[in-house]
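I have placed the structure first, in the form of structure tokens, so that the comments after it can refer back to it.
The values are calculated or read from the model by the stated rules, or taken from the named source; none is laboratory data. These figures come from a predicted structure and were not determined experimentally. So basically every Cβ, Gly included, is an ideal-geometry build from the backbone, and we count neighbours across all protein chains shown.
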Ligand SMILES: Cc1cc2nc3c(=O)[nH]c(=O)nc-3n(C[C@H](O)[C@H](O)[C@H](O)COP(=O)(O)OP(=O)(O)OC[C@H]3O[C@@H](n4cnc5c(N)ncnc54)[C@H](O)[C@@H]3O)c2cc1C
């Protein structure tokens with residue numbers, strides 16, 4: 001006798017795509033093509049997690065495209081709003097019951113609050129005899145899987161990368177999944193998709209939507225364009241913010257419009273099938289950056305204190321940071337008197353994105369030169385980045401503040417002026433974002449405080465906030481006291 005048809009509810013979270021979506025594919029396979037999609041809008045939770053308006057708008061536009069792609073497969077996408085995170089279990093359970101689903105599938109989220117929320121959802125579903133099945137999907141290798149020789153978690157990137165590269169072939173390489181089965185139209189007829197919202201009060205953004213077309217098709221287009229034209233030059237061009245040398249895929253990865261597996265597979269394919277030491281130095285280097293992403297996810301899973309605003313190196317909790325609110329304000333608005341930092345911070349406000357080299361310079365400047373607590377910078381970035389991702393943002397900030405996983409045997413303090421001379425040599429990036437310096441010639445563009453007084457007075461540009469000569473001693477003394 002044929003088994004009665006079962007329906008599975010797939011709860012979309014950070015996986016807004018139809019292709020290579022681990023839980024969605026499993027739901028489709030196991031229900032034999034009876035999947036209903038659900039997305040829960042949680043404005044209060046987004047606020048609590050400092051999600052930026054530009055990212056939320058990107059997600060809403062992505063949901064519209066996802067709903068259209070799912071409709072082509074006859075999969076309805078239901079959209080519900082949770083006034084508070086405590087409403088989520090009830091909402092998921094109600095939708096599961098309304099569509100008579102035997103189970104709810106979702107891809108795992110790893111942050112402390114999300115894990116606790118999922119436990120509450122699982123409990124609520126269990127009382128209706130339903131399971132919540134969670135799948136690893138955000139990384140190529142599940143974040144807690146790799147262990148050191150002493151069976152501990154990795155705390156340093158290079159050994160993590162070496163282990164990751166040997167583990168990949170052991171796991172059968174990178175396997176990329178397709179789209180779920182096209183379903184019969186019966187479910188979608190009985191349960192029409194909800195119209196996706198285009199605005200949510202409290203998440204208005206000045207960044208034009210046209211800068212960041214949303215959705216999985218755009219993500220694939222960007223991946224193809226990068227792999228076919230720019231990846232080979234990546235190693236040489238990736239540090240220069242005036243050049244379009246990186247993929248610009250981080251917002252798409254952060255929302256799950258594309259998977260890390262899809263990115264890695266394409267990079268390996270153009271690298272003669274190799275994840276490292278292949279013929280393309282650019283592809284090798286790009287793959288290495290994707291492994292940094294995996295590393296920071298594993299740090300978050302293995303050291304969940306980093307989700308709670310705590311330092312990766314606990315001893316650095318003792319540091320007494322500067323309380324100069326005026327300095328922090330100048331940094332946020334791009335008025336520090338250091339052109340490369342100001343250009344970076346203004347670009348962030350205008351575009352919702354910042355180049356990796358500039359993130360390091362801006363973060364290092366805030367935490368070393370201004371000696372302001374990394375947590376303040378981390379929060380500002382989250383509130384303005386379109387690719388805000390707790391694990392990556394926290395990892396980048398703690399690395400820059402020397403409270404995190406940087407394994408350098410010396411204390412890292414960037415000189416932002418030297419960084420500027422090296423990575424924006426002709427000042428093209430600065431001129432684009434700091435128009436008051438547009439006509440400054442030569443090296444003065446990197447440090448206008450060194451210009452002759454008369455010339456300087458004609459510029460409507462601030463003097464540096466702190467004297468660089470005292471930075472190193474102040475930082476070293478504070479870190480020494482915390483040991
Ligand atoms: C202070 C600070 C904060 C950061 N905050 C975030 C964040 O919130 N979200 C985020 O996705 N990335 C963050 N990063 C990492 C990095 O800056 C961005 O991932 C990168 O700039 C994205 O640009 P891209 O997609 O063009 O990268 P590409 O150079 O094309 O690299 C491809 C992918 O590899 C990963 N990657 C690249 N560089 C890094 C890196 N240094 N660390 C970890 N992963 C990397 C990203 O997923 C990226 O999309 C932060 C870095 C710093 C220093």
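Residues that are modelled with pLDDT under 95, outside the structural domain of residue 284 (by TED's automatic domain parsing) and buried (at least 17 other Cβ atoms within 10 Å of the Cβ): does region 204-212 have at least one?
No; the residues of region 204-212 include none that is modelled with pLDDT under 95, outside the structural domain of residue 284 (by TED's automatic domain parsing) and buried (at least 17 other Cβ atoms within 10 Å of the Cβ).
Residue pairs, Cβ under 6 Å, 6 or more apart or interchain, first in region 243-271 and over 18 Å from residue 138 (Cα atoms), second outside any loop (DSSP other than H, G, I, E, B) and more than 11 Å from the ligand (Cβ to nearest atom). List them.
As it stands, the answer is 270/283; 271/283, since those pairs meet every condition given.
Which one of the conditions (1) over 16 Å from the mean Cα position of the chain (by Cα); (2) surrounded by fewer than 21 Cβ atoms within 10 Å (Cβ to Cβ) does residue 356 fail to meet, given that it meets all the rest?
Unmet condition: (1).
Take region 247-263 and flag every residue that is closer than 15 Å to residue 389 by Cβ and either assigned to a helix (DSSP H, G or I) or more than 9 Å from the ligand (Cβ to nearest atom) (or both).
Hits for region 247-263 are 250, 251, 252, 253, 254, 255, 256, 257, 258, 259, 260, 263.
Do we have any residue at all in region 278-291 that's touching a residue at least 60 places away in the same chain (Cβ under 8 Å) and touching a strand residue (DSSP E or B) at 6+ places or on another chain (Cβ under 9 Å)?
Within region 278-291, not a single residue is touching a residue at least 60 places away in the same chain (Cβ under 8 Å) and touching a strand residue (DSSP E or B) at 6+ places or on another chain (Cβ under 9 Å).
Residues in region 422-479 that are over 30 Å from residue 320 (Cβ atoms) and crowded, with 17+ Cβ neighbours inside 10 Å: how many?
Summing the residues that are over 30 Å from residue 320 (Cβ atoms) and crowded, with 17+ Cβ neighbours inside 10 Å in region 422-479 gives 16.
Considering (1) surrounded by 17 or more Cβ atoms within 10 Å (Cβ to Cβ); (2) under 30 Å from residue 15 (Cα atoms), say which one residue 379 fails and leave the rest.
Exception for residue 379: condition (1).
Based on what the data block shows, is residue 178 out of contact with any strand residue (DSSP E or B) (no Cβ under 6 Å at 6 or more places or on another chain), surrounded by fewer than 16 Cβ atoms within 10 Å (Cβ to Cβ) and within 22 Å of residue 37 (Cβ to Cβ)? So that I can check it myself, show each step before the final result.
On the way: out of contact with any strand residue (DSSP E or B) (no Cβ under 6 Å at 6 or more places or on another chain): yes; surrounded by fewer than 16 Cβ atoms within 10 Å (Cβ to Cβ): yes; within 22 Å of residue 37 (Cβ to Cβ): yes.
Yes; evaluated as a whole, the condition is true for this residue.
Of all residues in region 293-309, how many are surrounded by fewer than 17 Cβ atoms within 10 Å (Cβ to Cβ) and within 13 Å of the ligand (Cβ to nearest atom)?
The total comes to 0.
Hey, among 266, 355, which residue is closer than 17 Å to residue 397 by Cβ, at pLDDT 95 or above and either within 11 Å of the ligand (Cβ to nearest atom) or in contact with a helix residue (DSSP H, G or I) (Cβ under 9 Å, 6 or more places away or on another chain) (or both)? Break it down stepwise before answering.
Values: 266 fails: closer than 17 Å to residue 397 by Cβ.
Of 266, 355, the one residue that is closer than 17 Å to residue 397 by Cβ, at pLDDT 95 or above and either within 11 Å of the ligand (Cβ to nearest atom) or in contact with a helix residue (DSSP H, G or I) (Cβ under 9 Å, 6 or more places away or on another chain) (or both) is 355.
Per-residue answers, yes or no, for (1) under 26 Å from the mean Cα position of the chain (by Cα); (2) in contact (Cβ under 8 Å) with a residue 60 or more places away in the chain; (3) closer than 30 Å to residue 240 by Cα:
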{"site": "302", "(1), (2), (3)": "yes, yes, no"}
{"site": "307", "(1), (2), (3)": "yes, yes, no"}
{"site": "315", "(1), (2), (3)": "no, yes, no"}
{"site": "318", "(1), (2), (3)": "no, yes, no"}
{"site": "323", "(1), (2), (3)": "no, no, no"}
{"site": "329", "(1), (2), (3)": "yes, no, yes"}
{"site": "338", "(1), (2), (3)": "no, yes, yes"}
{"site": "344", "(1), (2), (3)": "yes, yes, yes"}
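Taking the condition closer than 29 Å to residue 468 by Cα and within 11 Å of the ligand (Cβ to nearest atom), does residue 314 pass? Don't jump to the end; show me each part of the working.
Numbers: closer than 29 Å to residue 468 by Cα: yes; within 11 Å of the ligand (Cβ to nearest atom): no.
So residue 314 does not fit the description; no.
Is it the case that some residue within region 47-66 is within 26 Å of residue 220 (Cβ to Cβ), at pLDDT 95 or above and in contact with a strand residue (DSSP E or B) (Cβ under 8 Å, 6 or more places away or on another chain)? Lay out the reasoning, then the answer.
Taking region 47-66 and keeping what is within 26 Å of residue 220 (Cβ to Cβ), we get 51-66.
Next, only the ones that are at pLDDT 95 or above stay: 51-66.
Imposing the further condition that a residue be in contact with a strand residue (DSSP E or B) (Cβ under 8 Å, 6 or more places away or on another chain) reduces the set to 63, 66.
Yes, the conditions are met somewhere in region 47-66.
Tell me yes or no: at least one residue of region 223-246 is crowded, with 21+ Cβ neighbours inside 10 Å, more than 11 Å from the ligand (Cβ to nearest atom) and in the same structural domain as residue 153 (by TED's automatic domain parsing).
Checked region 223-246: no residue is crowded, with 21+ Cβ neighbours inside 10 Å, more than 11 Å from the ligand (Cβ to nearest atom) and in the same structural domain as residue 153 (by TED's automatic domain parsing).
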